[in-house]
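The values are calculated or read from the model by the stated rules, or taken from the named source; none is laboratory data. Bear in mind the structure is a predicted one, so any value in this text is a computation, not a measurement. Glycine also receives a Cβ, built like all others from the backbone with ideal geometry; neighbour counts cover every protein chain displayed.
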Amino acid sequence: MRSLRWHAEVSRAMWTGLFRDTLEDDVPIGHIPTACTFPRGWPRRCSACTTATWGRTGISAAAKPRSGWASTTSTTASFWETHLNLKSQLIEFVRRRAVDQAARRGESPDVLQRLERVLSPDALTIGFARRFATYKRANLILADIERLASMVNDPNRPVQFVFAGKAHPRDEPGKKSSAADR
């Protein structure tokens, strides 16, 4: 929560010029948490791992700084197995959705076959999901195409991206951006 308050302080300092007769502390910019929080955004399977490791209040205690996330080999293996299972489910879901959407568009059988193999379970998968809003600046990833290409084409450390979500019904620029990416 401290980082959110700090973000609000920095933002107020940046925007004081718009509020000339207002003290920086009185600039009307606050903070709103938008990230998922433990344990609400935590998959049930991960909760089972944390409960087995740290007890009923485990994730809350373990999420605190310097709480000693020290883990045993069995704990690490349990978390890794859960991670791999969840990643596998994500990849299968994305593949199914991609094939279904391509079939509705009338794509060729060759395209549908390729989509059945899209995404690699061996690559680092970076996901962006939720509302697709222009202010989130998802297009920044395309600002340096050469650097992006070197990341996604590195055979030793492959990286892949999954973008999901749609724009708010009244966000016309966001709807145009997300529609262009389909």
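Scanning the stretch 117-158 for residues that are surrounded by 13 or more Cβ atoms within 10 Å (Cβ to Cβ), more than 14 Å from the chain's Cα centre (by Cα) and under 24 Å from THR82 (Cα atoms) returns VAL118, LEU119, ALA123, PRO158.
Per-residue answers, yes or no, for (1) at pLDDT 60 or above; (2) touching a Lys or Arg at 6+ places or on another chain (Cβ under 9 Å); (3) hydroxyl-bearing (Ser, Thr, Tyr):
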site	(1), (2), (3)
GLY41	no, no, no
SER67	no, no, yes
SER74	yes, no, yes
SER88	yes, no, yes
PHE93	yes, no, no
GLY106	yes, no, no
